Amino acid sequence: MRFEAIITILTDAAAIDAVYGGAAGLLAGDVRGKLFIDMSTVQPATETALAGKVRAKGAAFVECPVGGTVGPARQGQLIGLVGAASEDADRAHPLLKQLCRRIEHCGPVGAGATMKLAINLPLMVSWQAFGEAFALCRDLGVDPQRLVSLFTDLSATTNAFKARAPMIAAMMGGGDPGGATFTVESGAKDLRTMLAEGKDRGLELPLVERAAACFDEANRSGWGGRDGSAIAVYWSSRKR
């Protein structure tokens with residue numbers, strides 16, 4: 001490899017195995033002295049296993065899943081959640097600061113993955129909560145723009161809801177919401193990953209379990225390719 005650093009961001013553990021392993025994988029050649037940075041949202045055990053394989057080849061490894069979607073990525077405004085040895089984190093920092101407005105070194109490899117699942121949890125659950133709230137008042141006949149405007153003005157709202165308010169109002173009114181930045185299908189995958197991690201840690205995550213079932217239902221109903229915020233619209237318009 002001619003490059004000093006390689007950054008990957010992949011769907012799941014199977015994708016990581018496919019890209020890094022095998023005769024044509026990233027670790028197939030001489031990678032001694034290289035730096036690998038993986039930004040995938042996966043369970044911590046997946047990252048620690050990958051780190052072991054990378055180090056066995058004489059390379060350094062940093063995990064850095066990120067908070068933020070397409071817009072912040074293009075602007076270098078992501079939040080990086082680093083899991084790495086201190087010296088490896090320091091080496092990766094000049095690269096990561098070009099992508100991230102905030103870089104948190106959460107601990108050793110695996111800590112970043114844990115933190116990413118934690119910060120995604122309230123976001124995913126909140127989309128379902130908004131959907132249920134809208135379902136309660138759908139018989140009132142309130143104009144979607146007015147309803148969404150009201151919810152953006154409440155203390156219970158979220159920054160993500162405010163950012164996607166025009167998209168949500170457009171979907172509720174039957175208009176074109178534009179492209180998805182983080183899909184329902186991806187949200188369902190992340191929720192299942194949270195559940196798997198909770199099970200491994202002996203934790204009950206009842207809100208995550210129910211939200212995962214709701215995301216899976218929307219996915220099966222053809223909503224998988226829509227933006228994750230569409231869960232709020234799907235549930236509020238769901239047949240009784």
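Does A45 meet the test of being within 23 Å of the chain's Cα centre (by Cα), at pLDDT below 95 and surrounded by 14 or more Cβ atoms within 10 Å (Cβ to Cβ)?
Considered against the rule, which asks whether it is within 23 Å of the chain's Cα centre (by Cα), at pLDDT below 95 and surrounded by 14 or more Cβ atoms within 10 Å (Cβ to Cβ), A45 comes out as no.
Within the stretch 158-171, is there a residue that is crowded, with 19+ Cβ neighbours inside 10 Å, among the basic types (K, R) and either in contact with a Pro (Cβ under 9 Å, 6 or more places away or on another chain) or in contact (Cβ under 8 Å) with a residue 60 or more places away in the chain (or both)?
yes
Can you tell which of G29, G22 is of a type in the set (G, A, S), without any contact (Cβ under 8 Å) to a residue 24 or more places away in the chain and not in a helix (DSSP H, G or I)?
Step by step, each of G29, G22 is checked, and only G22 is of a type in the set (G, A, S), without any contact (Cβ under 8 Å) to a residue 24 or more places away in the chain and not in a helix (DSSP H, G or I).
Just a yes or no: is a residue in the stretch 136-152 among the basic types (K, R) and under 28 Å from V42 (Cα atoms)?
No, the conditions are met nowhere in the stretch 136-152.
Could you check how many residues of the stretch 50-75 are among the aliphatic types (A, V, I, L, M) and touching a Ser or Thr at 6+ places or on another chain (Cβ under 7 Å)?
Total meeting the criteria: 1.
From the list D30, D17, pick out the single residue that is acidic (D, E), more than 17 Å from the chain's Cα centre (by Cα), open to solvent by 30 Å² or more (accessible area, probe 1.4 Å) and under 29 Å from G228 (Cβ atoms).
So the residue among D30, D17 that is acidic (D, E), more than 17 Å from the chain's Cα centre (by Cα), open to solvent by 30 Å² or more (accessible area, probe 1.4 Å) and under 29 Å from G228 (Cβ atoms) is D17.
Go through the residues of the stretch 113-127 one by one and say whether even a single one is closer than 29 Å to A180 by Cα and more than 15 Å from the chain's Cα centre (by Cα).
No, the stretch 113-127 has no match at all.
In the stretch 221-236, what residues are loosely packed, with under 14 Cβ neighbours inside 10 Å and in contact (Cβ under 8 Å) with a residue 24 or more places away in the chain?
Once the filter is applied, which keeps residues that are loosely packed, with under 14 Cβ neighbours inside 10 Å and in contact (Cβ under 8 Å) with a residue 24 or more places away in the chain, the stretch 221-236 yields only G225.
Identify all residues within the stretch 1-14 that are in a helix (DSSP H, G or I) and either touching an Asp or Glu at 6+ places or on another chain (Cβ under 7 Å) or surrounded by fewer than 15 Cβ atoms within 10 Å (Cβ to Cβ) (or both); write none if there are none.
A14
State which residue is most open to solvent (accessible area, probe 1.4 Å) when the search covers only the stretch 173-220 and only residues that are over 14 Å from the mean Cα position of the chain (by Cα) and modelled with pLDDT under 95.
D176
Between residues in the stretch 44-72 that are within 14 Å of I103 (Cα to Cα) and residues that are in a loop (DSSP other than H, G, I, E, B) and open to solvent by less than 30 Å² (accessible area, probe 1.4 Å), which pairs lie under 7 Å by C-beta distance while being six or more apart or on different chains?
V62/A84; E63/A84; E63/V109; C64/M39; P65/M39; P65/S40; P65/T41; V66/M39
Would you pick out the residues in the stretch 134-151 that are crowded, with 17+ Cβ neighbours inside 10 Å and either basic (K, R) or under 25 Å from the mean Cα position of the chain (by Cα) (or both)?
Of everything in the stretch 134-151, those that are crowded, with 17+ Cβ neighbours inside 10 Å and either basic (K, R) or under 25 Å from the mean Cα position of the chain (by Cα) (or both) turn out to be F134, V148, F151.
Restricted to the stretch 70-111, and to residues that are among the β-branched types (V, I, T) and buried (at least 17 other Cβ atoms within 10 Å of the Cβ), which residue is farthest from F182 (Cα to Cα)?
Checking each candidate, the answer is V109.
The values are calculated or read from the model by the stated rules, or taken from the named source; none is laboratory data. Given the structure is predicted, the values throughout are model-derived calculations rather than measurements. Heads up, the Cβs are rebuilt from the backbone with ideal geometry, glycines too, and the neighbour counts pull from every protein chain shown. Calculation scope for accessible area: heavy atoms of the full protein, side chains included, ligands and nucleic acids excluded. Shrake-Rupley method; radii C 1.70, N 1.55, O 1.52, S 1.80 Å.
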